[in-house]
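Notes for the one structure printed next.
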Amino acid sequence: MILLKDAHEMRRTAIAKGRCDAWPPARGAPFALLAAVAVLTLSGCGAARPSKYYQLTVPGDQGTAQTGDPVPATLLLGPLMASHLYREDRIVYSMGGEQMGTYEYQRWAEPPTEMIEEVLLRQLRASGHYKAVYPHRSNANGDLVLRGRLYDFKEVSGKSIVAKVTFDLELRDLKSGATVWTHYYTHDEPVSGKDVPSVVAALDRNVQAGIREVLVSLEQYFTAHPVK
């Protein structure tokens, strides 16, 4: 009965967090516990549950008041590269080490790379700082292409829970082929609660802060290097 009770506690914890892959007993556990866990896995984690979907805050296309003329250049926003974990819709978590997992029933409405690309595209357009901004996959001609890589977009649990976002971006001159600007961003945003919606809210705040930082850095670059 003690073993079964322990297995019940493990199952409840796993199901509560949607981490059915995160709680199997360690190798060498007693056979009775393994059997109990197997039964409870089939009866609990195997049961169908509705999935919940989340998305990042996407600003509108309304331009802000622009002081002075926009940069006379068309930017093309290229793809944001990432590992397969961030090109799928699962929300990723980590216990602070090298091992990562994904929530089974808590998902993004779109892959993180695509959501971040959309937020960046809208923010660049809304800034009113550029002649035009288009996705690179469009048929538009451009002067510079902005692209990058997403390294972290996950919950990290330890003494406290944080939402970690890490990415870098580069701006390449399409005429010369030279990389003229780079920017690296990484930040651990504190999570206010212990549930997935709190993690999502912290990731959203982190992304918005990172993109604001990128916009400021880009404007500083074009101020120091005017486009002729």
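Residue under question is residue 147, and the condition is that it be under 17 Å from residue 183 (Cβ atoms) and among the basic types (Lys, Arg); does it hold?
yes
Residue pairs, Cβ under 6 Å, 6 or more apart or interchain, first in the range 67-89 and in the same structural domain as residue 141 (by TED's automatic domain parsing), second of a type in the set (Ser, Thr, Tyr) and modelled with pLDDT of 95 or more. List them.
From the range 67-89, the pairs are 70/130; 71/130; 75/130; 76/134; 80/113; 82/113; 86/113; 87/113.
What about residue 140, is it surrounded by fewer than 16 Cβ atoms within 10 Å (Cβ to Cβ) and closer than 30 Å to residue 68 by Cβ?
Criteria met by residue 140.
Given the conditions (1) farther than 19 Å from residue 219 by Cα; (2) surrounded by fewer than 19 Cβ atoms within 10 Å (Cβ to Cβ), report the number of the one that residue 131 does not fulfil.
(1)
Go through the range 70-114 and give me each residue that's assigned to a loop (DSSP other than H, G, I, E, B) and either under 14 Å from the mean Cα position of the chain (by Cα) or closer than 25 Å to residue 225 by Cα (or both).
Listed by number, the residues that qualify are 70, 82, 83, 88, 89, 109, 110, 111.
Got at least one residue in the range 168-183 being free of Cβ contacts under 8 Å to residues at least 40 places away in the same chain, crowded, with 16+ Cβ neighbours inside 10 Å and of a type in the set (Ser, Thr, Tyr)?
No - not one qualifying residue is present in the range 168-183.
Based on this model, can you work out whether residue 212 counts as exposed (fewer than 14 other Cβ atoms within 10 Å of the Cβ) and either within 19 Å of residue 70 (Cα to Cα) or assigned by TED's automatic domain parsing to the domain that holds residue 81 (or both)?
yes
The values are calculated or read from the model by the stated rules, or taken from the named source; none is laboratory data. Everything numeric in this text was worked out from a predicted model, so none of it was measured. Don't worry about glycine lacking a Cβ; one is built from the backbone with ideal geometry, like all the others, and counts go over all protein chains shown.
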